[in-house]
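To keep things clear, I will list the structure first and then write my remarks on it.
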């Protein structure tokens, strides 16, 4: 039922539409027109008020042909950069950019698949449950569309996010992520004439970071410092410094242990400096949860459905843990149980990104089989 040529053509159409985070409007209205022309109900939520995007999340409702619980499928509208004036090359079954920009298969491959599925459902009569498509904005800058999605508009309580690499690998677990920010306030002074009157905020910050573990902490936990700022002139003792980073783990208790370790190290170093001017040096450390871990057991019915669907299309499905975050983290946290499906996208977030057309077709067939099998679970 999947039309490979039609799928390929639509995918190419999507790739040339620029849709960086917060500027997803052109792409959103383009695909909304497609779904409305097919006779499906489309509407946007009001998430743009919080995300800063040109549009809200796009929701598409496809009526079922059997009395069954609805399911949803999700793909995000936005891409990372550089994405200006993309030139797409298709050679030997592989899509690439010309090397100046990303390709955009993350996540336009998912969007193309869902458009093809909608057309197949319109052209063919067979048992299927009610289906909801969710196209989120601002996924690449903090999963903002999913975070501000109006969940009252969603009837399904389980589904699938199309936003990973290999079609045979299904993601059933992902970690929690916290971002941290450390700020240190010192005292400025001339670095040559009277350095003893200053308090070097960069030096204090470096001591805090020096004795903390970074990189891979264990098989399910990582920590990273990604940004350090401080000072304005090389001949002035810097009075301010900050560092930003993240910690991730599949176990919340390990994240709590790292936060406590951070806090203890912070207090130890700050307190070791003699007070030179009122309450200086001083500082603060903040942790912000970005997304929460999820883990869908392999004996869960949703995993069984995917496995069986894989068998029908000739895929040996392997369930894997993913270290990155996606809309699936937010959906699961909000009570919408879901797995992540791979579309074939490779080397995402780089100008070397590519995808094989055969993988796009495989995932489209997998999604169609999932829909068929879900109709049997009345």
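The values are calculated or read from the model by the stated rules, or taken from the named source; none is laboratory data. Keep in mind the model is a prediction, meaning the values are calculated, not measured. Cβ: placed from backbone, ideal geometry, glycine included. Neighbour counts: every protein chain shown.
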ask   = Based on what the data block shows, is residue 309 more than 30 Å from residue 289 (Cα to Cα) and assigned by TED's automatic domain parsing to the domain that holds residue 136?
value = yes
query = When you go through (1) under 22 Å from the mean Cα position of the chain (by Cα); (2) exposed (fewer than 14 other Cβ atoms within 10 Å of the Cβ); (3) in a helix (DSSP H, G or I) one by one for residue 46, which number turns out not to apply?
reply = (3)
task = Could you list, in sequence order, all residues of region 323-334 that are more than 18 Å from residue 250 (Cβ to Cβ) and out of contact with any helix residue (DSSP H, G or I) (no Cβ under 8 Å at 6 or more places or on another chain)?
result = none
task = Scan region 266-284 and give yes if some residue there is touching a strand residue (DSSP E or B) at 6+ places or on another chain (Cβ under 7 Å), outside the structural domain of residue 139 (by TED's automatic domain parsing) and without any contact (Cβ under 8 Å) to a residue 40 or more places away in the chain, otherwise no.
result = no
message = Looking only at region 168-189, filter to residues that are buried (at least 21 other Cβ atoms within 10 Å of the Cβ) and farther than 30 Å from residue 344 by Cα; which one of those is modelled with the lowest pLDDT?
response = 186
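Pick out the one residue from 62, 117 that is buried (at least 20 other Cβ atoms within 10 Å of the Cβ), more than 18 Å from the chain's Cα centre (by Cα) and more than 25 Å from residue 356 (Cα to Cα).
Details: 117 fails: more than 25 Å from residue 356 (Cα to Cα).
After applying the criteria, what remains is 62.
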query = If the Cβ limit is 7 Å and pairs must be 6+ apart or interchain, which residue in region 215-228 that is under 15 Å from residue 252 (Cβ atoms) pairs with which residue that is exposed (fewer than 10 other Cβ atoms within 10 Å of the Cβ)?
reply = 222/215
inquiry  = Which count do you get for residues in region 335-344 that are surrounded by fewer than 19 Cβ atoms within 10 Å (Cβ to Cβ) and out of contact with any helix residue (DSSP H, G or I) (no Cβ under 7 Å at 6 or more places or on another chain)?
reply    = 1
query = Do any strands (runs of 3 or more DSSP E) lying entirely in region 227-322 carry at least 3 residues that are touching a helix residue (DSSP H, G or I) at 6+ places or on another chain (Cβ under 6 Å) and surrounded by 16 or more Cβ atoms within 10 Å (Cβ to Cβ), and which ones are they?
reply = 240-249, 282-291
note = If we take region 111-188, then strands (runs of 3 or more DSSP E) inside it with 3 or more residues that are over 30 Å from residue 315 (Cα atoms) are 176-185
query = Checking residue 328 against (1) surrounded by fewer than 19 Cβ atoms within 10 Å (Cβ to Cβ); (2) in a helix (DSSP H, G or I), which test does it fail?
reply = (1)
